[in-house]
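Chemist: Dropping the structure in here first, questions after.
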Amino acid sequence: MTSASASKKSTKNEISPIITINKLNKWYGKFHVLKDIDLEVNKTEKIVICGPSGSGKSTLIRCINRLEVHQEGSIIVDGTELTDDVKQINEIRSDVGMVFQHFNLFPHLTVLENCTLAPIWVRKKSKLEADEMAMELLTKVKIPDQAKKYPGQLSGGQQQRVAIARALCMQPRVMLFDEPTSALDPEMIKEVLETMIELAESGMTMLVVTHEMGFANKVADRVIFMDEGQIVEQNDPKNFFNNPKSDRTKLFLSQILNH
Amino acid sequence: MNKNEVFIKLPDRPPPSSTVGIIAWTQKNLFSSTTNTLTTILFFYLIYLYIPPFFDWAIFNANFSGSDRSICDANKAGACWTFIKVRFDQLLFGLYFASNPDQIWRPVVALSVFVLILIPLVIEKTPHKKWLLIFLLTIYPIIFIILVYGGYFGIPISNTTQWGGFLLTFALAFVGIVLALPIGIILALGRRSEMPIIRALSVTYIEFWRGTPLITILFMASVMLPLFFPSGVEFDKVVRAMIGITLFQSAYTAEAVRGGLQAIDKGQSEASMALGMGYWQRNVFIILPQALKISIPSIVNTFIALFKDTSLVSIIGLLDLLNMSQTASRSLDWNGYDIEGYLFAGFIFWACCYGMSSYSQKLERKLDTEGRTE
Ligand SMILES: Nc1ncnc2c1ncn2[C@@H]1O[C@H](COP(=O)(O)OP(=O)(O)OP(=O)(O)O)[C@@H](O)[C@H]1O
Ligand SMILES: [Mg+2]
């Protein structure tokens, strides 16, 4: 039933969705954290998700690569529905890159090894191929000279760019970002956002949880506002910022734009 | 007045003499109060009372020469190290090698190879430590068996019933440590598994063996294990002890490893999951390398405990270093010289355990500083 409705929409739009979320519900114990979420993400679309703390933004994007398990509804990524099948989950995960708030680089591996480990063992690339690709992407995020260093020797901004390169080395079709700049000192936020803007311009499909409204304005095709586990409002950035419809959105925007 | 003058840096002055130097240290640490002073005086009095006589007995009046007890019997004021000298091979390598002096090169080479691998492993800057360690854990046991047990390349077999002394202590502890490590790692992972059955099995195993004293396990191993085999099959005693020790030790290793696993940030496994890595890939490449490094000090602590516990094999009639000294000092030739035997065994145990303990302390300090700079 869900796939039928998805295919109907895709023929209508002529653009196929890469992620289809249908009536998604999730509970932590008794706490209903995601309520009836419906979301379609088209190829190359850039979506910014914002909302107050605890509204379920992280939970939502973590459901997409099954770092969190949902209880009701369906999530279809690139034609494959997320089930308990471990092999399928790993396949989807290898196609979906994720960048975390706290980088989560592997501290015992060098920057280069961080980037090549999964391509070698999951994608079964040769070491040579993986190294080449990693160096290319490290050059794109402007830190090729740090390849032999360990993450602990880098600044926060550099670490986050390594994390982006590490995810890109898997040649993902979608990139998920969970507040990628909120653990960074102000002077480093810019370098990470620039990297993300370049990535967006290259045509990557991106779901970004962030409160950087400048980034949303510049890059997003759609801004989604979440509150209390629901999608309250979504619109293109211009309309979203200039004529928010719901009171909750207005309140939220006034709070984050004022400080 | 020049504004800068206010900020002229004063030169460092040496601290007042009352806070440094031997006199100050003595005052502060030994005579700071009446109780402290009395304790100090009592302590030095006890040292005066016991230490010089001990050295007189152990060194200045001691007997080193000769090859039988007559010299010692003639000079009872000193220790009889002649006993240790004459029975040295037996205490270190057991009865087989003591009675076949032409074979003694075998345990000597086996133990020397061990030391030769261990030294670079302990030195911080050695490259390729990983491969040395892997060699020690896989190839070395084979070398040890070929050399000490024999049976290949024309090397005569030394029956395990005749194994004893330090060599037996070493073999038991080494096997216990090496086999318990992988089993312990699996158990620790099992205890954190998401599958309830695997978790329950691991918890039961760990808690069962941790709750049972080693001496009971060894006793059961000698009484129970043969029941599972057809009668007539003589089950090697040393192997029995090794099985018992491994079962016991793996539970302790598991808990030490679990401590390390718990210290690893959840973000590490999430990041590796997000890259599509499977369970074993995540653990082998990301989680275990970090967790094991953290748990080395506590793993070494379990090694030390095990090393000393090997003496309990006397319950099934095996003669490790301690029991061998005891036996030797009760033989007709050397009856009455058991203090020397105990001192010798005690010294070797102490040296090995002290070595392990200072290594683990060194590692702990190193991990501490690494933790702070990261
Ligand atoms: N493992 C968990 N167990 C129970 N409750 C959880 C768990 N993880 C999150 N929650 C709760 O679910 C709600 C949504 O969490 P989530 O992390 O998705 O919020 P968020 O929108 O990302 O907030 P933030 O901006 O603070 O990151 C919060 O109220 C949180 O307390
Ligand atoms: Mg969050």
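Throughout, read-outs are computed from the coordinates displayed, never taken from laboratory work. Note that the structure is a prediction, hence the values are computed from the model and not measured. Positions of Cβ are generated from backbone atoms using ideal geometry, with glycine treated the same way; all protein chains shown enter the neighbour counts.
Chemist: Greater than 24 Å separation of Cα atoms is the criterion. Which listed pairs, A:Lys190/A:Lys250; A:Lys127/B:Lys293; B:Lys125/B:Lys366, meet it?
Modeler: Values: A:Lys190/A:Lys250 26 Å; A:Lys127/B:Lys293 26 Å; B:Lys125/B:Lys366 13 Å.
Correct reply: A:Lys190/A:Lys250; A:Lys127/B:Lys293.
Chemist: So if R0 is 35 Å, what FRET efficiency would A:Glu72 and A:Ser254 give, r being the distance between their Cβ atoms, rounded to the nearest 0.05?
Modeler: Details: r = 34 Å, r/R0 = 0.97.
FRET efficiency, A:Glu72 to A:Ser254: 0.55.
Chemist: Continuing with the same structure: Hey, what number do you get for chain B at 222 nm if only DSSP H runs of n ≥ 4 count, each worth -39500 (n - 2.57), divided across all residues, to the nearest 500?
Modeler: Values: 15 runs with 244 residues, N = 374.
Calculated from helices alone, the mean residue ellipticity at 222 nm is -21500 deg cm²/dmol.
Chemist: Another one. Can you check what the net charge comes to around A:Ile37, using other residues whose Cβ is under 14 Å from the Cβ of A:Ile37 (Lys, Arg +1; Asp, Glu -1)? Spell out each step's value before the answer.
Modeler: Numbers: positive: A:Lys23, A:Lys26, A:Lys35, A:Lys57, A:Arg62; negative: A:Asp36, A:Asp38, A:Glu40, A:Glu68, A:Glu72, A:Asp227, A:Glu228, A:Glu233.
Taking every Cβ under 14 Å from that of A:Ile37, the sum is -3.
Chemist: If you don't mind, another one. Which cysteines in chain B lack any other cysteine whose Cβ sits under 4.7 Å from their own Cβ?
Modeler: Result for chain B is B:Cys352, B:Cys353, no neighbouring Cys Cβ within the cutoff.
Chemist: Separate question: Taking the convex hull of the Cα atoms, report for the range B:94-158 its projected area averaged over all directions, in nm². Provide the component values of the computation, followed by the final result.
Modeler: Details: hull surface 19.2 nm².
Averaging across all directions leaves 4.8 nm² for the Cα convex hull.
Chemist: Within the range B:319-348, find all residues whose amide N lies under 11 Å from a label point positioned 7 Å from the Cα of B:Asp73 along Cα-to-beta-carbon.
Modeler: Once the point is set 7 Å along Cα→Cβ of B:Asp73, B:333-335 turn out to lie under 11 Å by backbone N, inside the range B:319-348.
Chemist: Just to be sure I understand: if I project the alpha-carbon convex hull of the range B:165-373 onto a plane and average over all orientations, what area do I get in nm²?
Modeler: On the way: hull surface 59.7 nm².
Average of the hull's projected areas for the range B:165-373 equals 14.9 nm².
Chemist: Further, regarding this structure: Would you kindly state how much longer the chain becomes between B:Phe44 and B:Asp12 on full extension, computed as 0.36 nm times their sequence separation minus their alpha carbon distance, in nm to one decimal? Before the final figure, lay out each step's value.
Modeler: Details: separation 32, 0.36 × 32 = 11.52 nm, distance 3.89 nm.
Using 0.36 nm per residue and subtracting the Cα-Cα distance, I get 7.6 nm.
Chemist: Moving on to the next point. How large, in Å, is the protein assembly as shown by the Kirkwood hydrodynamic radius built from its alpha-carbon pairs? Numbers along the way, then the final one.
Modeler: Details: mean 1/r = 0.0327 Å⁻¹.
Hydrodynamic radius (Kirkwood, Cα pairs) of the protein assembly as shown is 30.6 Å.
Chemist: Extending each Cα 7 Å along its Cβ direction at B:Ile215 and B:Leu201, get the distance between those two points in nm, one decimal.
Modeler: 3.3 nm
Chemist: Rounded to the nearest whole Å³, what is the per residue volume of the convex hull around the Cα atoms of chain B?
Modeler: Working: hull volume 103.2 nm³, N = 374.
It is 276 Å³ per residue.
Chemist: Given the convex hull of the Cα atoms of chain A, what is a quarter of its surface area in nm²? All intermediate terms of the calculation are to be shown ahead of the outcome.
Modeler: Working: hull surface 58.6 nm².
If you wrap the Cα atoms of chain A in a convex hull and average its projections, you get 14.6 nm².
Chemist: On to the next question. Net charge within 14 Å of B:Ile315 by Cβ-Cβ distance, Lys/Arg positive one each and Asp/Glu negative one each, not counting B:Ile315 itself? Mind showing how you got there, number by number?
Modeler: Values: positive: B:Lys237, B:Arg240; negative: B:Asp309, B:Asp320.
So the surrounding residues net to 0.
Chemist: Here's something else I'd like to know. Work out the FRET efficiency for A:Ser53 and A:Asn217 from their Cβ-Cβ distance, taking R0 = 30 Å, and round it to the nearest 0.05. If you can, show how the numbers build up before the last one.
Modeler: Values: r = 22 Å, r/R0 = 0.72.
FRET efficiency, A:Ser53 to A:Asn217: 0.90.
Chemist: Sticking with this one: Give the aspartates and glutamates reachable from B:Lys266 as a straight Cα distance under 16 Å; neighbours fewer than 8 places away on the same chain don't count.
Modeler: Those aspartates and glutamates meeting the cut-off are A:Glu68, A:Asp178, B:Glu194.
Chemist: For chain A, take the longest principal axis of its alpha carbons; what is the angle in degrees between that and the long axis of helix A:156-168, to the nearest 10 within 0 to 90?
Modeler: 80 degrees
Chemist: As an exercise, use a Förster radius of 41 Å and the Cβ-Cβ distance of A:Glu187 and B:Ala351 to find the FRET efficiency, rounded to the nearest 0.05. Walk me through the numbers before you get to the answer.
Modeler: Numbers: r = 56 Å, r/R0 = 1.36.
It comes to 0.15.
Chemist: Using the Cα centre of the range B:34-165 as origin and beta-carbon charges of +1 (Lys, Arg) and -1 (Asp, Glu), tell me which of B:Gly78, B:Pro156, B:Leu92 is placed farthest towards the positive end of the dipole.
Modeler: B:Pro156
Chemist: Short version: what are the Cα gyration tensor semi-axes of the range A:21-150, square root of 5 times each eigenvalue, largest first, in whole Å?
Modeler: Working: eigenvalues 203, 59, 40 Å².
Over the Cα atoms of the range A:21-150, the semi-axes work out to 32, 17, 14 Å.
Chemist: Provide the net charge surrounding A:Ile189, with neighbours chosen by a C-beta distance below 13 Å and charges set as Lys +1, Arg +1, Asp -1, Glu -1.
Modeler: Result for the neighbourhood of A:Ile189: -4.
Chemist: Treating only the Cβ of Lys, Arg, Asp and Glu as charged (+1, +1, -1, -1), what charge dipole size does the range B:226-374 show about its Cα centre? Round to the nearest 20 debye.
Modeler: Values: 12 positive and 14 negative charges, 74 e Å.
Value, rounded to 20: 360 debye.
Chemist: A further question on this structure: Can you sort B:Met224, A:Met213, A:Met196 so the residue with the fewest Cβ neighbours within 10 Å comes first?
Modeler: Details: B:Met224 12, A:Met213 18, A:Met196 26.
The order, fewest Cβ neighbours first, is B:Met224, A:Met213, A:Met196.
Chemist: Once you have the Cα-Cα distance between B:Thr138 and B:Leu118, take 0.36 nm times their residue separation minus that, and quote the gain in nm to one decimal. Spell out each step's value before the answer.
Modeler: On the way: separation 20, 0.36 × 20 = 7.20 nm, distance 1.41 nm.
Full-extension gain reported as 5.8 nm.
Chemist: Another question about this same structure. Students often forget the sequence filter, so: which lysines lie under 19 Å Cα-Cα from A:Lys87 once same-chain residues fewer than 8 apart are removed?
Modeler: Within reach: A:Lys124, A:Lys125.
Chemist: To the nearest 10 degrees, how steep is helix A:2-13 against the longest Cα principal axis of chain A, on a 0 to 90 scale?
Modeler: Rounded to the nearest ten degrees, it is 90.
Chemist: Now for a different question. Output the DSSP H helices from chain B with an along-axis C-alpha extent of no less than 30 Å and a mean Kyte-Doolittle hydropathy no less than -1.0.
Modeler: Values: long enough: B:34-55 (31 Å, 1.17); B:165-191 (37 Å, 2.23); B:237-263 (40 Å, 0.55); B:338-373 (52 Å, -0.24).
Answer set is B:34-55, B:165-191, B:237-263, B:338-373.
Chemist: In debye, nearest 20: dipole of the protein assembly as shown around its Cα centre with unit charges on the Cβ of K, R (+) and D, E (-)?
Modeler: On the way: 60 positive and 58 negative charges, 52 e Å.
The dipole of the protein assembly as shown has a size of about 260 debye.
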